[in-house]
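Please read the structure below before turning to the comments.
The values are calculated or read from the model by the stated rules, or taken from the named source; none is laboratory data. For clarity, every value in this text was computed on a predicted model and none was experimentally measured. Virtual Cβ from ideal backbone geometry, glycine too; neighbours counted across all protein chains shown.
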Amino acid sequence: MVKVVKFGGSSLADAEQFRKVIKIIQAENDRKYVIPSAPGKRFSNDTKVTDMLYSCYETATKGGDITGIFTTIMDRYNSIIKDLGLDLDLTKEFENIRYSIIHKAGRDFAASRGEYLNGLILANALGFDFIDAAEVIFFKDDGTLDAEKTNHVLGETLLSHENAVIPGFYGVMPNDTIKTFSRGGSDITGSIVARAAEADLYENWTDVNGFLMADPRVVKNPCNIQKITYHELRELSYMGATVLHEDAIFPVRIAGIPINIRNTNQPEQAGTMIVSKTDSYDTKRIITGVAGKHGFSVITIEKDMMNAEIGFGRRVLEVLEKEGISFEHFPSGVDTMSVVIATEAIEGRRERIIAALDAAVKPDYVTIEDGIALVAVVGRGMRNAKGTAARVFKAIAEKDINIRMIDQGSSELNIIIGVSDAEFQLAINAIYHEFVD
Ligand code: ASP
C-alpha cells in the first residue's frame, strides 16, 4: 500500500504544527511520499512565507533592500529547525536564495523557495530522501504541465526512493528556469506524485475536516461530506466551495486514485473521501451538497414560433461567442430562450449585445435581468431517489422564494436554480434543511 501525503501551509506553519505532521507520517509506514507547502499563517493576521517571498522579489526588482524581509523569512525557518532540535544548517541555502533573488532569478523562483526550504527541513526531520521538484516536475514552453514526461521521469525516480519528500508548488521550464503552479498549487504536486507513484490513496492534510455540505457562512454548522465523487466535487467547487485546488483533481482522476481530505489538527476525523465512482450514497440525506454564487444576469429572448426556426439557438450563442462571452446555462421554453451569464462579462456592452441579438434572430422581446444568484443542489443520489426535485422546489416555495430559472444537468447529478440575490441565503438554507435535520 502506498499513500502520498500532502500538507498545506497551516499544517507546517511552525514547529508545533511540524510535530503533528511528523506524528501523522510516522503513524503509518504506507505514508511514503510527502509533499509540503511553504509555512502558512500561524494566526489570522500572520503573513505566509510565500507572500513574503513575493514581496522580497518585488523589492529586489525595484532595487530596494531586502535585508529586513529576508531576515524575517530566515527566522521563520530557523525557529522551526531550532525548536525541533534538528541537526540542519540552511545558511548556505539562504545565501544562494538571497543572491538569486537580488540577481533576479525570477518571481516564480523566489516564491518556490518557500516549499523548497520546508521540504529540506521535513526530509531532515523524517529521515526521508529529498527530491527537488525541479528534477521531476516539467512544464512545457507554453507554461502548461508536461504531464506525460513528468509522470514518466517522476515514476522512474520514485522507484529508487523508499520514502521521499518532494516540495510542492513548482517545477522546471524547458529553459531550466523555475515555474510555479497558480496559488495553492502544492495540491497539484501531490496529485501528480500520487499518479506517478501509482498510489492507493492521496491524503491531502489541511486545517478543516474535509468538505462541508454547505458554506458555513451561509448555513449554520453544516454537516461534513463523507464521500463525494470527482464529478460532484467539480460541480460544488465551480460554485465556490474551495478546499482543494481545482487542477489537483485531474492527475489522480486519470489513475482512479481516491483523495482523502484530512485535518492535521484533528487526525482522528475521517475527513472527506473523494472517489471516481460510487453507487452508494447516503439514502437519508440524498444530496451531497448545496452551493451557490452571486453575480449573474439572465438574457431572455422571446419570439413567437421560435421552436420552428431552425438554428435559432446557434445564432443566439454565436452573438455571445463573437463577444467572447461564455455562458453558464441555456434553459429554453417553446417560445422563449434564456442565457445565464456572469454580469461582469456583459458590463459595458449591453446595448451592443441587445442590438446584435436583434439583428441575428429578430426577437419579439429581449430583456436582461441582473441580480441573479445561482444555487446548485448536487448529489449522485438524485438519479435514484425519486421526488428529489419536488422536495427541492417545495422547500423553496414554502419560503415564498421566486424561482427565476431551473436547469437540471443531463447527468442528473445537479439541479441549478436561479433566485434573486436577496433570496440566496434563504434558498440555500431551505434546501439544506429539507434534506438534513
Ligand atoms: N505556498 C503556495 C501558496 O501559498 C502554494 C501552496 O501552499 O499550495 O499559494
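In the stretch 164-180, what count of residues is obtained for those that are more than 16 Å from the ligand (Cβ to nearest atom) and assigned to a loop (DSSP other than H, G, I, E, B)?
Result for the stretch 164-180: 5.
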Completion exercise
Going through (1) within 16 Å of the ligand (Cβ to nearest atom); (2) touching an Asp or Glu at 6+ places or on another chain (Cβ under 6 Å) one by one, Lys140 fails only at (1)
Problem - Selection status of Ile192, under 18 Å from Asp146 (Cα atoms), of a type outside the set (Ser, Thr, Tyr), more than 18 Å from the chain's Cα centre (by Cα) and within 16 Å of the ligand (Cβ to nearest atom) - result: no
Problem - Selection status of Arg183, within 17 Å of the chain's Cα centre (by Cα) and either among the charged types (D, E, K, R) or part of a loop (DSSP other than H, G, I, E, B) (or both) - result: yes
Practice task
Answer with yes or no whether Asn260 is within 24 Å of Lys20 (Cβ to Cβ), crowded, with 18+ Cβ neighbours inside 10 Å, at pLDDT 95 or above and within 16 Å of the ligand (Cβ to nearest atom).
Solution key: no
Exercise for the section: Tell me, please, whether a residue that is modelled with pLDDT of 95 or more, within 16 Å of the ligand (Cβ to nearest atom), on the phi < 0 side of the Ramachandran plot and polar (S, T, N, Q) can be found in the stretch 146-157. Expected result: no
Completion exercise
Checked Ile80, Ile24 against criteria (more than 16 Å from the ligand (Cβ to nearest atom) and part of a helix (DSSP H, G or I)); the one match is Ile24
Exercise for the section: For the stretch 358-370, indicate whether the set of residues that are at pLDDT below 95, under 26 Å from Arg234 (Cβ atoms) and surrounded by fewer than 17 Cβ atoms within 10 Å (Cβ to Cβ) is non-empty. Expected result: no
Exercise for the section: Confirm whether Asn221 is over 14 Å from the mean Cα position of the chain (by Cα), at negative phi, more than 16 Å from the ligand (Cβ to nearest atom) and in a loop (DSSP other than H, G, I, E, B). Expected result: no
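Are there helices (runs of 4 or more DSSP H) fully within the stretch 342-414 with at least 2 residues that are among the basic types (Lys, Arg)? List them.
Hits in the stretch 342-414: 350-361, 388-398.
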